[in-house]
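As structure tokens, the structure follows; a few thoughts come after it.
The values are calculated or read from the model by the stated rules, or taken from the named source; none is laboratory data. In this text the structure is predicted, and so the values were computed from the model without any measurement. Heads up, the Cβs are rebuilt from the backbone with ideal geometry, glycines too, and the neighbour counts pull from every protein chain shown.
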Ligand code: ARG
């Protein structure tokens, strides 16, 4: 008997969450592109129905295969450790919850593409967010030959109702419960909440958006103290109890969240040019970054500490913008890793009704020197040396100030408008008078 040979279909690897969008993606990829869909779902510590349930749903929606991967440890140890070293906060606020997870997911997608010989990778992101950029930039950097499909960006399903109708007509389970009005992305490092009433930047976030943090007004009346120990910049123990970084993150989410700490409500600049209102719950991430910064204050030499601030901001922007695998980001990681060698010690945090305060720090590598800092009799700081130091420190500016005075200016802040010295003085006469009055009334300092 001769066998009928049907040509094998091309394969696509789909980043699968178990939600309606990516379930519809499975059927859509089959119908529109005639592809075999291999779903990949990762556990990054998000609130989910269980990896087996996610897998069953992918298969029921038509996937030929569904890989489920526990990515939590790798997320903590390979991604969040770098974020800690960078004290990573996009726009000085957002600890990059979603941005940090995408490159790890992509790594698994690309691996699966290689294992299964797939030509395509698909994701369920919309066309106006950051996540599409992160998925696609990361894919392009890990394997430039893979082709990308973005069904949600391409299909014509304009509303959730249309999507549900399409799903129903194609035999996909549609949620029976009322859909949440919010778009939520969560993992170990926190929760991002968007959409619904939050799209009005004037509207206070309703209480029901929060699940990781209690309302600060309902937090316990007594503070919680917690000692966070770090080794080479990575949290390694809580209250003297050695723990994995992963377990510390879980514990800090609980401790800080139950004290009402870790809520953010911000207007954020997306890479695609849109300002969006974003709410976050990031109790563990923010508390650990606070503690880490405090230890760095103690252990890093001043110039390194100051220079690092700029590196941190660039690092956060790179990661926010989907450039985790970029050469700049890798080079910055090398700098940051170098700075962490002596960031070993312990920080005491006080969590109380929505606040997290550093109240103590100690380290074998501490650069804090009591004899230099003290105003007591033990002072060893050479105060007399300060005069020469200041003379030279201010020398260039002193020369500059002399020049300005010879031009008729009397105070450094006067604007230089290319006028003659007389005009310059006249233009600034009001300020001159005011300044002279201040000087005349100033107390004489011996
Ligand atoms: N605005 C945040 C970011 O770009 C959160 C994104 C959340 N993603 C989502 N699909 N809801 O990182």
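Summary table below
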{"read-out": "Residues that are closer than 17 Å to residue 46 by Cβ, surrounded by 14 or more Cβ atoms within 10 Å (Cβ to Cβ) and away from the ligand (no atom under 13 Å from the Cβ), drawn from the range 206-228", "value": "210, 212, 213"}
{"read-out": "Cβ-Cβ under 8 Å pairs, at least 6 apart or on other chains, the range 116-135 side free of Cβ contacts under 8 Å to residues at least 60 places away in the same chain and more than 19 Å from residue 27 (Cβ to Cβ), far side within 15 Å of the ligand (Cβ to nearest atom) and assigned to a strand (DSSP E or B)", "value": "131/185"}
{"read-out": "Residue list for the range 193-205, filter: under 19 Å from residue 262 (Cα atoms) and surrounded by 13 or more Cβ atoms within 10 Å (Cβ to Cβ)", "value": "193, 194, 198, 205"}
{"read-out": "Number of the exception - residue 242 against (1) more than 16 Å from the ligand (Cβ to nearest atom); (2) buried (at least 23 other Cβ atoms within 10 Å of the Cβ)", "value": "(2)"}
{"read-out": "Residue within the range 141-151 that is outside the structural domain of residue 191 (by TED's automatic domain parsing) and within 16 Å of the ligand (Cβ to nearest atom) present", "value": "yes"}
{"read-out": "From 39, 74, 63, residue being more than 16 Å from the ligand (Cβ to nearest atom), assigned to a helix (DSSP H, G or I), more than 24 Å from residue 211 (Cα to Cα) and at pLDDT 95 or above", "value": "74"}
{"read-out": "Which numbered condition residue 160 fails, given (1) within 16 Å of the ligand (Cβ to nearest atom); (2) under 20 Å from residue 57 (Cα atoms); (3) within 28 Å of the chain's Cα centre (by Cα)", "value": "(3)"}
{"read-out": "Some residue of the range 15-23 being under 28 Å from residue 328 (Cα atoms), assigned to a strand (DSSP E or B) and within 14 Å of the ligand (Cβ to nearest atom)", "value": "yes"}
{"read-out": "Breaking point among (1) surrounded by fewer than 20 Cβ atoms within 10 Å (Cβ to Cβ); (2) part of a helix (DSSP H, G or I); (3) outside the structural domain of residue 149 (by TED's automatic domain parsing), for residue 92", "value": "(2)"}
{"read-out": "Residue count for the range 41-80, restricted to those that are buried (at least 21 other Cβ atoms within 10 Å of the Cβ) and within 15 Å of residue 21 (Cβ to Cβ)", "value": "6"}
{"read-out": "Verdict on residue 181 being over 21 Å from the mean Cα position of the chain (by Cα) and assigned to a loop (DSSP other than H, G, I, E, B)", "value": "yes"}
{"read-out": "Qualifying residue in the range 112-124 (condition: closer than 28 Å to residue 160 by Cβ and more than 16 Å from the ligand (Cβ to nearest atom))", "value": "yes"}
{"read-out": "Identity of the residue in the range 184-203, without any contact (Cβ under 8 Å) to a residue 24 or more places away in the chain and part of a loop (DSSP other than H, G, I, E, B), that ends up farthest from the ligand (Cβ to nearest atom)", "value": "202"}
{"read-out": "Whichever residue in the range 245-289 is in a loop (DSSP other than H, G, I, E, B) and more than 16 Å from the ligand (Cβ to nearest atom) and, among such residues, is surrounded by the fewest Cβ atoms within 10 Å (Cβ to Cβ)", "value": "260"}
